[in-house]
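Student: Sending over a structure as structure tokens; questions will come in a sec.
Coordinate-derived values only; no laboratory data. Predicted, not measured: the structure shown is a model, and the values here were computed from it. Here the Cβ positions follow ideal geometry from the backbone for every residue, glycine too, while neighbour counts run over all protein chains shown.
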Amino acid sequence: MNLDDISALSILIPLISAVILFNRLNKTLKLLGVFILFSAITETLAAIYFEYGWNNMIISHLYAFAQVPLLAWIFSTFTNGFKKNAIYILCGAYLLFSIINVIFWENLLEFNSNQRYFAAVVILAYCLLYYSQIFVEAKIIRIELEPNFWMCSSILLYTAGTLFLFIYNKELMDSTNQGYWNLNCVLNIILNIGLTGSLWMGVRKLN
């Protein structure tokens, strides 16, 4: 089993955890469970398309269109004031850009690097808005036990670490250096472990 396979299968860790813990999770983490399920389904569909030699770019577009709104919904459950409004505005701007991108630049059969790049920037902004809130409010005593912090930090690490892959996608696709894609796999594994930690921390916090 190679690193690609391990990375792909790693999503089963948070998915199974979400199924087991679902009834014991709060609203935020239940939505996270839905997001994990959606990610698993789209990754599976993309793999099936690839296996049969079909163009799976439409799956990439579908995932990107839904990813940012789903995360906006999740982040809106634990942000407040102007930060919550900023998340909604960023989400709206992203969806508008995505529609324009499909019409004028990257159609549904092309890799949506522009859309993925903008999505990464928006998601990073979500995370920074959350961090600014917890640092200003200073209500969390042990931040390492906070499920939202685990989730946000995992998403931030993955998004920031893979952002350059979307910026330089065409160059990397032609590159023989597998180190770039191995990095993506490692970061994906870390993301799924972090999301799993968030789910279990959420249950621990309620006990």
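Student: Sorted by average packing, counted as other Cβ atoms within 10 angstrom per residue and highest first, what order do 129-138, 151-160 take?
Tutor: Per-residue mean Cβ counts within 10 Å order the peptides as 151-160, 129-138.
Student: What does the C-alpha gyration tensor say about the overall shape of the range 7-55? Classify as rounded when a/c is under 1.5, otherwise prolate if a/b is larger than b/c, or oblate.
Tutor: Here the range 7-55 falls in the prolate category.
Student: Related question: Using the Karplus curve 6.51 cos²θ - 1.76 cosθ + 1.60 with θ = phi - 60°, what ³J(HN,Hα) values do you get for each residue of the range 144-149, in whole Hz, with x for Gly and Pro?
Tutor: Karplus values, whole Hz, x for Gly and Pro: 5, 9, 8, x, 5, 5.
Student: Same structure, new question: For Cα extents along the principal axes in Å, one of (1) 47, 34, 30; (2) 48, 40, 29; (3) 44, 34, 34 was computed from the structure I shared and the rest are decoys. Which label?
Tutor: (2)
Student: Run the numbers on the range 28-131 and let me know its relative contact order in percent, using alpha-carbon pairs under 8 Å that are six or more apart.
Tutor: 32 percent
Student: What relative contact order, as a whole-number percentage, does the range 3-206 give when Cα pairs under 8 Å and 6 or more residues apart are counted?
Tutor: Rounded, it is 31 percent for the range 3-206.
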